[in-house]
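Chemist: My questions will all concern the structure given below.
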Amino acid sequence: LTAAIACKLDPEEQKQAAQATLDATRGEGAAAEVAVGTTAEWTSSTRENVSGRSTVVARNDDDAGGMQCIMVSDVIIVQGEETRADKRMCRKPPAARYALSA
């Protein structure tokens with residue numbers, strides 16, 4: 001999670017938000033392609049009026065370096081206030097998971 005998001009969530013909500021990112025970035029099939037528009041949502045199990053979602057908003061593969069990269073938009077809503085943070089995540093096949101990239 002980015003600091004802008006993590007600082008507004010309690011530890012359990014941070015876990016839920018991280019799981020949503022993992023769910024949104026988990027590809028389907030042997031090629032593990034992640035489709036733009038894939039979204040995973042969550043609702044806080046510890047506080048009312050706290051929820052969020054992670055959405056894959058773009059692909060930006062680096063063919064020269066063999067990296068597969070995506071942009072993920074995280075949105076949380078705490079007591080009606082929305083906070084958004086975008087992050088770039090990459091993986092180099094055959095790695096199954098994407099990781100934060102600079």
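The values are calculated or read from the model by the stated rules, or taken from the named source; none is laboratory data. Worth saying up front: this structure is predicted, and the values here are computed from it rather than measured. Please note: Cβ atoms are built from the backbone with ideal geometry, for glycine as well, and neighbour counts cover all protein chains shown. Ligands, DNA and RNA are excluded from the accessible area calculation, which covers all protein heavy atoms including side chains. Shrake-Rupley method; radii C 1.70, N 1.55, O 1.52, S 1.80 Å.
Chemist: If the cut-off is a Cα-Cα distance under 17 Å, which aspartates and glutamates reach Lys92, setting aside same-chain residues fewer than 8 apart in sequence?
Modeler: Straight-line reach from Lys92, under 17 Å: Glu28, Glu33, Asp61, Asp62, Asp63.
Chemist: Additional query: Of all the accessible heavy-atom surface of the chain, with the other protein chains kept in place and a 1.4 Å probe, what percent is carbon and sulfur?
Modeler: The nonpolar share, carbon plus sulfur, comes to 51 percent.
Chemist: Something else: So with the 1.4 Å probe, I'd like the accessible area per residue for the chain, rounded to whole Å².
Modeler: 57
Chemist: Moving on to the next point. With an 8 Å Cα cut-off and a minimum separation of 6 or more residues, compute the relative contact order for the chain in percent.
Modeler: 22
Chemist: In nm, what is the difference between 0.36 nm times the number of residues separating Ala6 and Ser45 and their Cα-Cα distance?
Modeler: Full extension of this stretch gives 12.5 nm more.
Chemist: Pick the calculated P(r) over Cα pairs in 5 Å bins from 0, in percent for this structure from (i) 3, 13, 25, 24, 19, 11, 4, 1, 0; (ii) 2, 13, 25, 23, 15, 11, 6, 3, 1, 0; (iii) 2, 12, 17, 17, 12, 10, 9, 7, 6, 4, 3, 1, 0, 0?
Modeler: From the options (i) 3, 13, 25, 24, 19, 11, 4, 1, 0; (ii) 2, 13, 25, 23, 15, 11, 6, 3, 1, 0; (iii) 2, 12, 17, 17, 12, 10, 9, 7, 6, 4, 3, 1, 0, 0, the structure gives (ii).
Chemist: Could you work out how far helix 11-24 tilts from the main Cα principal axis of the chain, as a 0 to 90 degree angle to the nearest 10?
Modeler: Compared with the principal axis, the helix lies near 30 degrees.
Chemist: Next question, about the same structure. In deg cm²/dmol and to the nearest 500, what is the mean residue ellipticity at 222 nm of the chain if only DSSP H runs of at least 4 residues count, each as -39500 (n - 2.57), divided by the residue total?
Modeler: The per-residue figure over the chain is -5000 deg cm²/dmol.
Chemist: Pairs of alpha-carbon atoms within less than 8 angstrom and 6+ residues apart define the contacts here; what relative contact order does region 54-102 have, in percent?
Modeler: Contact order relative to length: 29 percent.
Chemist: Which order do Asp23, Asp74 take when ranked by solvent-accessible area (1.4 Å probe, heavy atoms of all protein chains), largest first?
Modeler: Asp23, Asp74
Chemist: Follow-up question, since we're still on this one. Label 7 Å along Cα→Cβ of Gln79; region 2-28 residues with amide nitrogen under 13 Å?
Modeler: Taking a point 7 Å out along Cα→Cβ of Gln79, the residues of region 2-28 whose backbone N falls under 13 Å are 8-9.
Chemist: Order the following by accessible area, largest value first: Glu82, Glu13. Probe radius 1.4 Å; ligands, DNA and RNA are ignored.
Modeler: Sorted descending by solvent-accessible area, the residues read Glu82, Glu13.
Chemist: Going by a 4.7 Å Cβ-Cβ cut-off, which cysteines of the chain have no partner at all?
Modeler: Cys7 - these cysteines have no disulfide-compatible partner (Cβ-Cβ under 4.7 Å) in the chain.
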